[in-house]
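The block underneath contains the structure these notes are about, expressed in structure tokens.
The values are calculated or read from the model by the stated rules, or taken from the named source; none is laboratory data. The shown structure was predicted, so the numbers you read here are calculated from the model rather than taken from an experiment. Heads up, the Cβs are rebuilt from the backbone with ideal geometry, glycines too, and the neighbour counts pull from every protein chain shown. Accessible surface is based on the protein model in full, side chains and every heavy atom, while ligands, DNA and RNA are left aside. Shrake-Rupley method; radii C 1.70, N 1.55, O 1.52, S 1.80 Å.
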Amino acid sequence: MTTDQVYGLAAGLLSAFVFGVAAVAQAHGVRRTAASPDRLLSFVRTSVRDAWTWAVLIAYLVGFLLHAVAIWLLPLYLAQATIAMSLPVTAFTSRRLSERLDGGQWGSIGLVSAGLVLLALGSGSAGSVRTDSAFLVCLWAGVALLGLASTAGGRLGGAGLGTLAGLGYAGSAIAVRGVGTPVDTSTVLAALAVPSLSLIAFWLYSRGMHGDAISATTAPMIVGQTFVPALVGVALLGDSVRDGWWWSVVLGLLLSTVGAIRLTRAQAVSP
């Protein structure tokens, strides 16, 4: 691995830890009120007056900055796979620290870790910043479509809302690839898409955790924000894979995602 890849991987893993702890704090915050945060504007008005929500947002901002470093230095499939580590952190933090993990849970952690190792071994160079008009049109079309899909959120459970949130966070990760120097109109438009997608995703994730288990909402979110950017990064943004190492990248993505979901399900059914 190159020095940039080492730094990027370290930033990605640190962001996963921050995101994992912040998710539990977010769930605690949204569950303090009886009313479900069904409307985005009312959710924003309530949140800006709540100190706990501000603390969660600051934690997410720190995590996002670390994640952005990973996106700039790593292929998206590896940068996003590191976020899968936030799921075990979320599962552990949501339980009492005195509880011990069983063999199956440790096995799931091993799957996630093995997946990340395989991804790191097979990863090539990250694609360059992209600021063409087609990229920007797709970003903002994604913002509009996610906003439209969120109107059906009242009929979705935690898994459905988590899926939509995952697509929002996937879009924000892709949008980061449009942010760079020199700063011009295209760069600003890409940068504005990042908080737009993240805000909708944060709201949908909050709605999901208000009425369902943290793990039930988080697992589909992780899948969406891992696989969608991975595919887009390789197909459209110039992310490369080492010659002859495609098997390692594909297997690594599968192992890290399956391991994270298995762990979450195990945590959800444990007493």
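Results, tabulated for the structure shown:
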read-out: Contacts under 6 angstrom Cβ, first residue in region 1-27 being closer than 15 Å to L119 by Cα and of a type in the set (S, T, N, Q), partner modelled with pLDDT under 85 and open to solvent by 30 Å² or more (accessible area, probe 1.4 Å), 6 or more apart; value: none
read-out: Residue match in region 29-51 (condition: open to solvent by less than 40 Å² (accessible area, probe 1.4 Å) and modelled with pLDDT of 80 or more); value: no
read-out: Any hit, region 200-217, residues being at pLDDT below 85 and closer than 19 Å to L74 by Cβ; value: no
read-out: Selection from region 224-245 of residues that are surrounded by fewer than 19 Cβ atoms within 10 Å (Cβ to Cβ) and over 17 Å from C138 (Cα atoms); value: F227, S240, R242, D243, G244, W245
read-out: Cβ pairs under 9 Å, 6+ apart, first in region 163-174 and open to solvent by less than 10 Å² (accessible area, probe 1.4 Å), second among the basic types (K, R); value: A165/R207
read-out: Segments classed as helices (runs of 4 or more DSSP H), wholly inside region 115-222, with at least 2 members that are closer than 20 Å to G63 by Cβ and under 15 Å from the mean Cα position of the chain (by Cα); value: 158-176, 185-211
read-out: Selection from region 175-195 of residues that are open to solvent by 40 Å² or more (accessible area, probe 1.4 Å), aliphatic (A, V, I, L, M) and at pLDDT below 90; value: V183
read-out: Only one of A79, A68 that is crowded, with 18+ Cβ neighbours inside 10 Å, touching a His at 6+ places or on another chain (Cβ under 8 Å) and at pLDDT 85 or above; value: A79
read-out: Members of region 4-25 found to be surrounded by fewer than 19 Cβ atoms within 10 Å (Cβ to Cβ), in contact with a helix residue (DSSP H, G or I) (Cβ under 8 Å, 6 or more places away or on another chain) and under 12 Å from L73 (Cβ atoms), listed by number; value: D4, Y7
read-out: Residue in region 255-263 that is modelled with pLDDT under 85, surrounded by fewer than 21 Cβ atoms within 10 Å (Cβ to Cβ) and more than 15 Å from the chain's Cα centre (by Cα) present; value: yes
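One line per residue, one yes/no per condition, for (1) open to solvent by less than 60 Å² (accessible area, probe 1.4 Å); (2) free of Cβ contacts under 8 Å to residues at least 12 places away in the same chain; (3) out of contact with any strand residue (DSSP E or B) (no Cβ under 8 Å at 6 or more places or on another chain):
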position	(1), (2), (3)
V117	no, no, yes
G122	yes, no, no
R130	no, no, yes
L136	yes, no, yes
L145	no, yes, yes
